[in-house]
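Asks: Pasting a structure below so you can have a look.
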Amino acid sequence: MKIRIVEREVMNPLADTCMDEIPVNRIGDVRTVTLLDNTKPGARTILEAVESSLESLRFLWSKKPAGAPATEAQINGARQGDLCILALGDCGSCTTWVILDAIRLEGMGVPTISICSDRFREYAEKLAAAHGMPDLRIVEIEHPIAGLESEDILRKARKIIPSILEHLR
């Protein structure tokens, strides 16, 4: 019996890179905020809590699938505001796309705030750093979100409002 052994290199998405660091955009005078809902269970509820807490601002909504990058049309919709808040990173693939979509928006000049669960915060930070943006703004919400009743999600969402407000100062 012959056995053929094939070695393959595996790419580590969190590996150290030799990329130049890309600065995040400064959050200036915000009048319009785009809320980018990646359709994860609870994402809309979290973003609605953000919207109701920032009553003086105008809001635009954009939606995309969780496990895929935003299309050009979705990114163009998300970049219409002075700031884009993205939710929700609470698993590996959805956290990846929240962060990579935020980096795309930052590259277009749109400041962002990404909402990720505490279980995926470290991964989100390492991924952002591996893509040259270690200072990407990430707000941490208590895990889990999926499977919870709306009131429980709202309770967790209300706890992150001070962190979002801090980024707006």
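Any read-out appearing in this document is the output of simple, stated calculations on the displayed coordinates, not a laboratory observation. Note that the coordinates shown come from a computational prediction; the quantities given were computed from them, not determined experimentally. Cβ coordinates were reconstructed from backbone atoms using ideal geometry, including for glycine residues, and neighbour counts include every protein chain displayed.
Asks: Using the alpha-carbon atoms, what tilt in degrees (0 to 90, nearest 10) does helix 150-168 show relative to the longest principal axis of the chain?
Replies: Compared with the principal axis, the helix lies near 90 degrees.
Asks: Among the lysines, which have Cα under 24 Å from the Cα of LYS64 when same-chain residues fewer than 8 positions away are ignored?
Replies: LYS40, LYS126, LYS156
Asks: Select from SER163, LEU35, SER93 the residue farthest towards the positive end of the dipole of the chain; place +1 on Cβ of Lys and Arg, -1 on Cβ of Asp and Glu, and compute about the Cα centre.
Replies: Of the listed residues, the answer is SER93.
Asks: Something else: Check which residues have an amide H placed less than 5 Å from ILE141's amide H, if you skip close sequence neighbours.
Replies: Under 5 Å from the amide H of ILE141: CYS116, SER117, ASP118.
Asks: Additional query: With a cap of 13 neighbouring Cβ atoms within 10 Å, and only residues DSSP puts in a loop, list the GluC sites (Glu not before Pro) found in region 71-153.
Replies: Details: sites: GLU72, GLU106, GLU122, GLU125, GLU140, GLU142, GLU149, GLU151; in loops: GLU142, GLU149.
Here the sparse-neighbourhood loop sites are GLU149.
Asks: Another one. If you wrap a convex hull around the Cα atoms of region 76-117, how much volume per residue is inside, in Å³?
Replies: On the way: hull volume 2.2 nm³, N = 42.
Cα-based convex hull of region 76-117, divided per residue, equals 53 Å³.
Asks: A further question on this structure: Only four residue types carry charge here, +1 at the Cβ of Lys and Arg and -1 at the Cβ of Asp and Glu. Report the dipole size of the chain about the Cα centre in Debye, rounded to the nearest 20. Let's see the in-between values first.
Replies: Values: 21 positive and 25 negative charges, 76 e Å.
Magnitude of the dipole: close to 360 debye.
Asks: Separate question: Quick one: give the max-minus-min coordinate of the C-alpha atoms of region 32-168 along each principal axis, largest first, in Å.
Replies: Over region 32-168, Cα extents along the principal axes are 35, 32, 27 Å.
Asks: Can I ask one more? Can you give me the long-range amide H partners of ILE113? Hydrogens built in the peptide plane at 1.01 Å from N, cutoff under 5 Å, separation of 5 or more residues or another chain.
Replies: Sorted by chain and number, the residues that satisfy this are CYS84, ILE85, LEU86.
Asks: Here is a further query. Using the per-residue mean of other Cβ atoms lying within 10 Å as a proxy for protection, in what order, highest first, do the peptides 86-97, 39-50 fall?
Replies: Values: 86-97: 23.1, 39-50: 21.0.
Averaged packing, sorted descending, gives the order 86-97, 39-50.
Asks: Rounded to the nearest 10 degrees, what's the angle between the helix 92-107 long axis and the longest principal axis of the chain, both from Cα atoms, 0 to 90?
Replies: That helix lies at roughly 70 degrees to the long axis.
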